[in-house]
Amino acid sequence: MLIQDENLTDRSPFLKLRRWQWWLLVAINILFLIAGQAAAVLLGRFYYDQGGNSTWMATFVQTAGFPILCIPLIFLHPSQKLETSTSSTYPSIKIVALLYFVLGLLVAGDNMLYSVGLLYLSASTYSLICATQLAFNAVFSYLLNSQKLTALILNSVVILSLSAALIAVNEDSDGPSGVSKGKYLVGFICTLGASALYSLLLSLMQLSFQKVLRKETYNVVLEMQIYTSLVATCVSTVGMFGSGEWKGLQDEMKGFKSGRVSYVLTLVWTAVSWQVCAVGVVGLIFAVSSLFSNVISTLSLAITPLAALLVFHDEMNGVKVIAMLLALCGFCSYIYQNYLDDTKARKSESQSHTDDVIQESHHV
């Protein structure tokens, strides 16, 4: 749920914090995002490794923990909630409901693609491919959100594309045991498609805040996260029953290698991990910026292969190491361009403020 922070009106609680308190808050949210995302990916791989095979169940748990997000929503100041519901610029309930429904369908489809990708790929390979979302994000932001494609951004797109291409043509690619080359290719395509769809979702959500909701307060972002997750969870539930996968869940639990209790705990903690990640994402958006949140999210995807190496003993051959280094280079190129944009914007704002002060002094 990453959006631009150009017109945020709900940052006053963060501005009142002392500097060390603000840094502590940022550090906690970074921890939530990185730990939540890494844990969710590793638990998803563990589910498949231990005998789980329901892609609809894997899709379901990615959003089923959305009630956790109601906790920070409850503690929002009442005046903030009133402002959202009574604003004259806020669209009708029908329009908002249709928007959340469409976005929820896209989230469900995106989660299904991710689930299929993780079924046929190792956790490290999966994470490296997911890092291409920054490249897709640059393209869709250019097409839908009027973002400029500078030389550094194009460089990032090319490098990240090369990183994904290396993973695709790697002859020593390590998939889970029993996965054929054909299924590996399916997993690669699904994960790449999921990264593209996720980036499209980010651009559509940003467009929704700018053109439809016309408000970017903390509670509005949380509400979008909650309602789209609700729709996605309902779609996953319908898919599970419609496909007949629910009939095999009891046998799946019995056949889970580490036991029934472990089966239940794996699904529960996967759901919790994704929502912990979501809390970190939203927290960083409003404590720092959406760019910083997206940066940390991508950084987490680069860290996950190392965690997979320790937990699942994934093979890190030369090609995968080069792909990871390329992904980090593309990541740095993307960040440096946004650093330049931010510096330019700050200088422009400072100059504008100085001009206003000079004009006021002349009037006096």
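List of remarks:
- On the stretch given as the stretch 88-140, residues that are over 20 Å from residue 202 (Cα atoms) and among the aliphatic types (A, V, I, L, M) total 6.
- Test: residue in the stretch 284-302 that is at pLDDT below 75, assigned to a helix (DSSP H, G or I), of a type in the set (Phe, Trp, Tyr) and open to solvent by 30 Å² or more (accessible area, probe 1.4 Å): yes
- Where helices (runs of 4 or more DSSP H) fall entirely within the stretch 53-141, those with at least 3 residues that are at pLDDT below 85 and open to solvent by 30 Å² or more (accessible area, probe 1.4 Å) are at 70-74, 78-86.
- Scanning the stretch 19-52 for residues that are open to solvent by 40 Å² or more (accessible area, probe 1.4 Å) and charged (D, E, K, R) yields 19, 49.
- Enumeration of residues in the stretch 248-270 that are surrounded by 13 or more Cβ atoms within 10 Å (Cβ to Cβ) and of a type in the set (Gly, Ala, Ser): 248, 255, 258, 262
- Residues of the stretch 250-278 that turn out to be more than 30 Å from residue 222 (Cβ to Cβ) and assigned to a helix (DSSP H, G or I), as a count: 9
- Among the criteria (1) at pLDDT below 70; (2) part of a helix (DSSP H, G or I); (3) not hydroxyl-bearing (Ser, Thr, Tyr), the one residue 322 does not fulfil is (1).
- Residue-level check: of (1) in a helix (DSSP H, G or I); (2) modelled with pLDDT of 75 or more, residue 146 misses just (1).
- Inside the stretch 146-160, residues that are polar (S, T, N, Q) and surrounded by fewer than 16 Cβ atoms within 10 Å (Cβ to Cβ) make up a count of 2.
- For the stretch 321-341, residues that are open to solvent by 70 Å² or more (accessible area, probe 1.4 Å) and either among the aromatic types (Phe, Trp, Tyr) or free of Cβ contacts under 8 Å to residues at least 40 places away in the same chain (or both) total 5.
- Among the residues of the stretch 1-52, those that are among the acidic types (Asp, Glu) and modelled with pLDDT under 80 comprise 5, 6, 10.
The values are calculated or read from the model by the stated rules, or taken from the named source; none is laboratory data. Keep in mind it's a predicted model, so treat the numbers as computed, not measured. Note: ideal-geometry Cβ built from the backbone for every residue, glycine included; neighbour counts use all protein chains shown. Surface accessibility is based on the protein's heavy atoms, side chains included, excluding ligands, DNA and RNA. Shrake-Rupley method; radii C 1.70, N 1.55, O 1.52, S 1.80 Å.
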